[in-house]
1. Using the Kirkwood formula on the Cα atoms of region 1-73, what hydrodynamic radius do you get, in angstrom to one decimal?
2. Would you mind calculating the gained length between residue 44 and residue 235 on full extension (0.36 nm times residue separation, minus the Cα-Cα distance), in nm to one decimal?
3. For the chain, what mean projected area does the convex hull of the alpha carbons give, in nm²?
4. Determine the shape class of region 209-278: with a ≥ b ≥ c the square roots of the Cα gyration tensor eigenvalues, call it rounded for a/c under 1.5, and otherwise prolate if a/b is greater than b/c, oblate otherwise.
5. Suppose each label sits 7 Å from its Cα in the direction of the beta carbon; what would the residue 103-residue 172 distance come out to in nanometres?
6. Is the shape of region 135-277 rounded, prolate or oblate, going by the alpha carbon gyration tensor and its root eigenvalues a ≥ b ≥ c, with a/c under 1.5 for rounded and a/b larger than b/c for prolate?
7. Can you list the residues of region 16-38 with backbone N under 12 Å from a point 7 Å past the Cα of residue 79, pointing along Cα to Cβ?
8. Considering only 233, 23, 127, give the residue with the highest GNM mean-square fluctuation for the chain, with springs between Cα atoms whenever their separation is below 10 Å.
């Protein structure tokens, strides 16, 4: 993993009068000239060059996914293949064959210096995002996507509910009572193999939160609380016994915005470049 030594990376952006986006995952990648730019810089480029005028939340999410495939994922495959080729040849390998990318997997094969055929696959660290806003029908929607899959989950104001991305392990433990690591425990694997209703039982641990009746102020307070809670746990911990280590990725200024039918996208708290008074 690449160490990100800053608490000042922007993750939340306004795209139009009534649509915004929040990003997580890959923090930096090179542009067409090989200059590394933060992912937020590419969001601004998308807004300038590829944002569908008057597009729905889903259309904007689809367009952003396509933009990241073109600007990030396809060039990343080329860079990865070049690096792997150099490494394999440097170790005395030959006959390198790269197969077509399978989502985030880059499969390849080669003959090593001992004459053995080697089959491997490299997984690319990708970008996730949530595009949210109000459509022409008056319904607010939030569309979740993992590049290159595009939008796969949605929340809307007719039903309510949370949608989160990034380092969500602390949040999931608090709200749901467990996080994804639980599925790697042997007794959970055995229970699933035996056909037991594991998910149904685990759902009983989740806190009952009335998302649909939460006020705007309460929603803002909840988001800030979960962010600060994650920041604090990352400060005092070093991962879990199952997965020790990791890099703290939550901290610094918390940017907050709301999107409403009357006011559209509205910044509640936004970090601006400034000079610190020490």
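Throughout, read-outs are computed from the coordinates displayed, never taken from laboratory work. On a predicted model such as this, the values are computed, not experimentally measured, just so you know. Reconstructed Cβ throughout: ideal geometry from the backbone, glycine too, with neighbour counts over all protein chains shown.
1. Mean inverse Cα-Cα distance, inverted, gives 13.1 Å.
2. Difference between extended and current length: 65.7 nm.
3. 19.8 nm²
4. Numbers: a/c = 3.10, a/b = 1.37, b/c = 2.26.
Oblate shape, in that a/c is at least 1.5 and b/c is the bigger or equal ratio.
5. Taking the simple label geometry, residue 103 and residue 172 are separated by 1.5 nm.
6. Working: a/c = 2.10, a/b = 1.30, b/c = 1.62.
Taking the square roots of the gyration eigenvalues as a ≥ b ≥ c, region 135-277 is oblate.
7. So the set is 26-38.
8. Taking springs between Cα atoms under 10 Å, the residue moving most is 233.
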